1. In whole angstrom, note down how far apart the Cα centers of region 56-101 and region 395-453 are.
2. State, as an integer percentage, the relative contact order of the chain based on alpha-carbon contacts under 8 Å between residues 6 or more apart.
3. Of the listed peptides 293-300, 269-276, 473-480, 153-160, what is their order by residue-averaged count of other C-beta atoms within 10 Å, with the highest listed first?
4. Which residue, chosen from Leu328, Ser266, Thr314, occupies the Cα position most advanced towards the positive end of the dipole of region 253-373, where the dipole is computed from +1 (Lys, Arg) and -1 (Asp, Glu) charges on Cβ about the Cα centre?
5. What are the ³J(HN,Hα) values, in whole Hz, obtained from phi via the Karplus relation 6.51 cos²θ - 1.76 cosθ + 1.60 with θ = phi - 60°, for each residue of region 34-41 in sequence order, with x given for Gly and Pro?
6. Taking amide H positions as placed in the peptide plane 1.01 Å from N, state which residues far from Glu25 in sequence (5 or more) or on other chains have amide H under 5 Å from it.
7. Given R₀ = 30 Å, what would the calculated FRET efficiency be for Phe459 paired with Glu136, taking r from the Cβ atoms and rounding to 0.05?
8. Under a crude label model (7 Å from the Cα following the beta-carbon direction), how far is Glu485 from Arg42 in nanometres?
Amino acid sequence: MTDGSDERSPLLQNGHAEDQQNDPEIIDFSKEDDENPRNWPRRRKFVNVAIIAFMAILSPLASSMFTPGISEIAVDLNTSDSTVVGATTGFVVFLGIGPLILAPLSETFGRRKLYLVCFSIFALLQIPTALSPNVEALIGVRTISGFFGSVGIANGGGTISDMFHPSQRAGVFGWYLLGPLLGPTLGPLFGGIIVQYLGWRWIFWILTIVCSFNTVVGFFFLKESYAPVILEARKKTYEDSSESGSKSYRMAGQDDRPLRSKLANSMARPLRILFMQPVVFTMAVYQAILFGTTYSLYTNFQAIYGELYGFDTTTVGLMYLGPGLGFLTAVWFIVPKIDTIYNYLARKNNVEAKPEYRLPLANIGAVFIPTSLFVFAWTVQYKVHFVVPLISTVFFGLGQITILNTCQNYYIDSFQQYAASAIAAGAVFRSIVGGILPLGASKLFESLGYGWGISIFAFLSLALSPAPLLFFYYGEGVRERFAIEL
């Protein structure tokens, strides 16, 4: 890995434009260039982060917001509860498939256009969802909206990589990543209140208003951060200038392939990264198990706390705050240390920082995840006071965000310019598994009981818990051995 000054080489090299008589003038960022996103004022960077983080929280929020109203929706649309769960499955699966297309498109056309177009469509699709006359329409519209709503998840990591140097990135990324995690956690709480007082259709009317507001803010304040698009605009300005005369211009690292070839290569990139890089595939499986576990538990909290503990819908919604507290604790106290350890290991070994230096703190999550799941499984099985399983979900949330944050930063540092595609590779796997597993979770818990049923998820996470430690020591060699042309 190279240092921050030339991380995106050859697209961005901190050199000066060459102006030779017979050669085209090279369009590039100078060292102190104000248009370089990494030189932007902090306020401009954080406005961008806030807008995309809000996008990244709203789509996962929409994925789980109606779970407290599943029974009411089933009665209203004359169907079964399990059929209504299919609306969550379709949404979450396409929340993962979307990044396979939207991430590489952002690496061709830029981030801003993709954000605004896709989130505008996502906001508008909440209207037919609210008006769904039957469960088929509900599932169909929800599935399509999941695709467009994935844009914040698909490109958020790439946008943060555009604007922040590696030594500053993990802390910022930690707050951004709260969106995809807090969304499914807060959704049932808000949804429960709305369903109880306004009815389930109002969930989607409120989403229409909030998503539209965020989109309008984006139109005015969201800035393009992808360097090749910024340099292309600069090149066009120079070419259109009356002072250019016969002078020709060329972007640093300009890709002269036809658009069709570039798109084909871009579309294939996430899957090539996923299936040809063992480190990405292994950590993607790890994340998929975590998301599958999360959605399997969330879709059954109503049964667990409602039937076993006798809580009403609003009180069940409050139980989702357990993992949320774990997320906030991790972001506040643990995630900032990812950068600290990353920089410390580089100084200690007197070498350039390696992507593997992001992984040590993942071992905390590797311990907390299976431990908390075992505790939750058996305290629920034996109906121990609800405070005990609630506390275990705090540690589950803490472990989850620690694993996901270190993994995402590992992807970004390993693939740099193509960070969005690398993150998309992991997102598709975890979202598909996270969408499909809940379909069978209820029957699993009915047949095995909550003790052994949830313990299966704990054993799966335990089996993969050595991965961060193994990749810390051997990840660099694995990445080099399976290096691919992107």
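1. If you average the Cα positions of each part, the centres end up 17 Å apart.
2. Details: 849 pairs, mean separation 118.1, N = 486.
Averaging sequence separation for qualifying contacts and normalising by length gives 24 percent for the chain.
3. Numbers: 293-300: 23.8, 269-276: 18.8, 473-480: 14.9, 153-160: 28.8.
Per-residue Cβ counts within 10 Å, averaged per peptide and sorted highest first, yield 153-160, 293-300, 269-276, 473-480.
4. Farthest towards the positive pole: Ser266.
5. 5, 7, 5, x, 6, 9, 4, x
6. Ser248, Tyr249, Arg250
7. Efficiency, rounded to the nearest 0.05: 0.20.
8. The answer from the label model is 4.4 nm.
The values are calculated or read from the model by the stated rules, or taken from the named source; none is laboratory data. Because the structure is a prediction, the values reported are computed rather than measured. Glycine also receives a Cβ, built like all others from the backbone with ideal geometry; neighbour counts cover every protein chain displayed. We work out accessible area using only protein heavy atoms, side chains counted, and drop any ligands, DNA or RNA first. Shrake-Rupley method; radii C 1.70, N 1.55, O 1.52, S 1.80 Å.
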